[in-house]
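Accompanying notes for the structure given below.
The values are calculated or read from the model by the stated rules, or taken from the named source; none is laboratory data. What you see is a predicted model, and the numbers here were worked out from it, not measured in a lab. Heads up, the Cβs are rebuilt from the backbone with ideal geometry, glycines too, and the neighbour counts pull from every protein chain shown. Keep in mind that these areas ignore ligands, DNA and RNA; they rest on the heavy atoms of the full protein, side chains included. Shrake-Rupley method; radii C 1.70, N 1.55, O 1.52, S 1.80 Å.
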Amino acid sequence: MKEGRQDHHTGYALTKERLLSCGIPVSALVAFGATAYCLSAGIFVVCSHLFYVPIVLAAYRYPDRGVAFAGMLAAAYLAEVLLLSAGGGIEVANALLRAGIFFVVAAVVAHLSSRLQARESRYRGIFETSPAGIFLFRPGDGGVEEMNQQCAGMLGCPADEVPSLNVPAFWPDHPEWVGAGPGIAGLDCELLRRDGTRFPALLSANPLPDRKVVCAVVTETTERNRMEERLRRSEETFRVILNTVDVGIVLTDPGRRIVEVNEAAVRLFGGGGREDLVGRNPQSLVAERDRETVRAYRERALRGEAPVPLVCMLCGPGGAEWPAEVSVTLLKKNGDAPERLILAIRDITERCRAEEEMREENRHLSIINEVIAAATASRDLNDLLPVSLAKTLTLLEFDLGAAYLAYPGIDLAHLRACAGEGCAPPPCVRRDESPYRYVLVDGEARFVDRFQEKYPGHEDLAVRSFAAVPIPGDDGPVGCIAVASRTRETIPESERRILTAIAEELGSAVEKGMLQEELEAALASANRYLDEANAAAAEVNLYVDILTHDINNANTAAMGYLQMFLESADESDGVIAEKSLAAVYQSNDIIRNVSTLRRLKAGSAELRPVRLEPVIRGICNYYTDARIAYDGSDATVLADDLIGEIFANLIGNAVKFGGPAVEIAISVRKGEGTVSVTVADTGPGIPDNLKPRLFERYRRGVTAKNGKGLGLYIVRTLAERYGGSVRAGDRVPDRPGEGAAVTFTLPHYRPAAAGA
């Protein structure tokens, strides 16, 4: 819209800018051509002045780049002089001087142009952003040259009609002398909108200095007239509101006389009408004890200060006093309006009552917070209950106190804390005894005022009032707090609420403490049982060590005697001796496996480099009667001294299940970071359905020579202990009846890699 209303002005400005933009290169080319011609002809004086034209045009059109453009022209001019001039050093010096003048001219013109553009932009901004309507017209024919957005909006003119407007079209009653005289200011008139409707306006018009154009400023007064009407209505509304609000308004003069009151003030002071208050001294409405304070407050208001509202006691004609909040505002004398004091009076009886209740509630919360803070700082019930009880007695000013806890399933509640001089409560009370039955069973708080009257015969207690409140738990009361006073006959309702709240807040902490005590007792019992179990385990290990040692010694002696007997026995006796020797070997294997399992359970492995060739040779020498073929290949793996049990169990299984004619082959292969070892035999083989579960604990074969199921389990455990794995297969692939092959892999140890 704004650009549309400026089409005429914008078109003129664009034409001017295009001419300037085209004139710069044209004049520069003319200057270069003329200079080249003059220098070639030996003319040195006139040619340099031609450069002022493009410099002035560029600095005027582009102030921020005018000096740079002058520098370019100066450089080009110097280049022409050096190339085309034959005048020597004098002409070059003159050219340098003229080049410097180029810079000066460009700087001066650029500075003036920037200031001119800034001034034009400022006035253009004022013209376009002015809240008043502004239009420029020619006084001769009344044609409008320009109009801002605000004025076009008042007249309802589209953007394309602004250049074709004339003054009589929207100001039919305009004086013909406007523009010929000194101008007009603040003229009330009516203007005509494009749709034919009229609207009131305030118009000022003055001719510009060239007197060819008149500048008119228009302010629509429709809103002002509407506001004046609203002001009259608001005065009436204000009077109605003044008489309907609950705040009492009293208007006084500096002579301390009430000149006006509203109906709320009459009601507050209990008067029959405004005549009961008008004319009286406002000080007479203040209670005697607060009059000096109100007088000082009034003097501060008369000095122009703005004090905060004052709370004081006021009284009506009948003498009844009530609390009020008074605010004073000074209306200074303004023309015919006299000086006045406005008193705003609010009845704060309800607010004072609410504040008193809030103060009492804050006191309650403060007491509860202090008790809870003292309780939470305690580590267990032996600290929590005494500290909480003592804090409660101190804050509520009771003389005696006791705290009882009742554990589930127990009919007695035991004393856990007591406080107060001369306090000697019983160490335990029955839950079903009065008054504790109501507290510890029903969970009801009991408050006894005038204790001696209600419970005669207890003069030795010297108690005048008594209270017992339950400590709640998840499944009912877990205890109670009992307090008593030797001086007060009654316990106020506020303190009853505080005692109940303290007990409720302590409930979770007390229940947690009781649970902690139970857990500590259970933990102590568990530790005692654990110590007994550890002692029993140590004793069992001692017996196992003794049995293992003695059985190994007996087996060693038996194997020696049987070997000696076999060397001299006949065929029938030799068979019996061989069976006996096999039984001893089996017993020895069982003991060795048990010892191995105990070492595996004892702790984690400490791996070290171990060569396989000596380990395999040692195990093969143990089975002297077996036919074992070892290819002799060697590798170093990470293991410990139990690695020989892998070969002992695999070879022992092959001998046991394959019989005396079995052939065993051991091979070692190195792979990518692993070493693979295969123990194959020509025995009966392993069925396919048994291979996946073969290495489980207590998993046995299907032949008549079943073992205890520990050997292969130990093989898998050791392989995994060293970071490897084990699997069962066939010596001849897919032909399980022609022998078994067990392969296990272990990490390969490389000294170079380990050193890196």
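Limited to the stretch 236-272, what total is found for residues that are on the phi > 0 side of the Ramachandran plot and either open to solvent by less than 60 Å² (accessible area, probe 1.4 Å) or within 59 Å of the chain's Cα centre (by Cα) (or both)? Spell out how you get there, then give the answer.
To start, the set of residues in the stretch 236-272 that are on the phi > 0 side of the Ramachandran plot comprises 256, 270.
If we keep only those that are either open to solvent by less than 60 Å² (accessible area, probe 1.4 Å) or within 59 Å of the chain's Cα centre (by Cα) (or both) too, we end up with 270.
Final tally of qualifying residues: 1.
Conditions (1) among the hydroxyl-bearing types (Ser, Thr, Tyr); (2) open to solvent by 30 Å² or more (accessible area, probe 1.4 Å), marked per residue:
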position: 340; (1), (2): no, yes
position: 347; (1), (2): no, yes
position: 355; (1), (2): no, yes
position: 360; (1), (2): no, yes
position: 364; (1), (2): no, no
position: 375; (1), (2): no, no
position: 388; (1), (2): yes, no
position: 406; (1), (2): no, no
position: 423; (1), (2): no, yes
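Only residues that are open to solvent by less than 40 Å² (accessible area, probe 1.4 Å) and of a type in the set (Ser, Thr, Tyr) were counted in the stretch 608-629, giving 1.
What residue, among those in the stretch 675-696 that are of a type outside the set (A, V, I, L, M, F, W, C) and buried (at least 21 other Cβ atoms within 10 Å of the Cβ), is nearest to the chain's Cα centre (by Cα)? Per the stated criteria, the residue is 685. Condition first: without any contact (Cβ under 8 Å) to a residue 40 or more places away in the chain and not in a loop (DSSP other than H, G, I, E, B). Now tell me which residues in the stretch 426-441 satisfy that. Passing the criteria: 428, 429, 430, 437, 438. Against the criterion of being closer than 25 Å to residue 370 by Cα and open to solvent by 30 Å² or more (accessible area, probe 1.4 Å), residue 486 qualifies.
For residue 481, are the conditions met, namely being buried (at least 22 other Cβ atoms within 10 Å of the Cβ) and either of a type in the set (Asp, Glu) or assigned to a helix (DSSP H, G or I) (or both)? Before the answer, list the steps.
Values: buried (at least 22 other Cβ atoms within 10 Å of the Cβ): yes; either of a type in the set (Asp, Glu) or assigned to a helix (DSSP H, G or I) (or both): no.
Here the answer is no, as residue 481 does not meet what is asked.
Is it the case that the stretch 284-303 has a residue that's polar (S, T, N, Q), closer than 15 Å to residue 254 by Cβ and either open to solvent by 70 Å² or more (accessible area, probe 1.4 Å) or not in a loop (DSSP other than H, G, I, E, B) (or both)?
Filtering the stretch 284-303 for residues polar (S, T, N, Q) gives 284, 293.
Within this subset, residues satisfying the condition of being closer than 15 Å to residue 254 by Cβ are none.
No, every residue in the stretch 284-303 fails to be polar (S, T, N, Q), closer than 15 Å to residue 254 by Cβ and either open to solvent by 70 Å² or more (accessible area, probe 1.4 Å) or not in a loop (DSSP other than H, G, I, E, B) (or both).
Taking the stretch 495-528 as the range and being more than 19 Å from residue 440 (Cβ to Cβ) and of a type in the set (Val, Ile, Thr) as the test, only 498 passes. Residue count for the stretch 204-224 under the criterion of being among the β-branched types (Val, Ile, Thr) and not in a strand (DSSP E or B): the result is 3. Picking from residues in the stretch 321-338 that are open to solvent by less than 70 Å² (accessible area, probe 1.4 Å) and over 53 Å from the mean Cα position of the chain (by Cα), the one that is modelled with the highest pLDDT is 338.
Restricting the stretch 464-478 to residues that are under 18 Å from residue 420 (Cβ atoms) and in a strand (DSSP E or B), the residue that is nearest to the chain's Cα centre (by Cα) is 469.
Within the stretch 489-499, which residues are open to solvent by 50 Å² or more (accessible area, probe 1.4 Å) and touching a residue at least 40 places away in the same chain (Cβ under 8 Å)?
Narrowing the stretch 489-499 to residues open to solvent by 50 Å² or more (accessible area, probe 1.4 Å): 489-490, 492-493, 496-497.
Across the stretch 489-499, the qualifying residues are 489, 490, 496, 497.
Residues in the stretch 726-737 that are surrounded by fewer than 15 Cβ atoms within 10 Å (Cβ to Cβ) and either more than 16 Å from residue 666 (Cα to Cα) or hydroxyl-bearing (Ser, Thr, Tyr) (or both): 733, 734, 735, 737.
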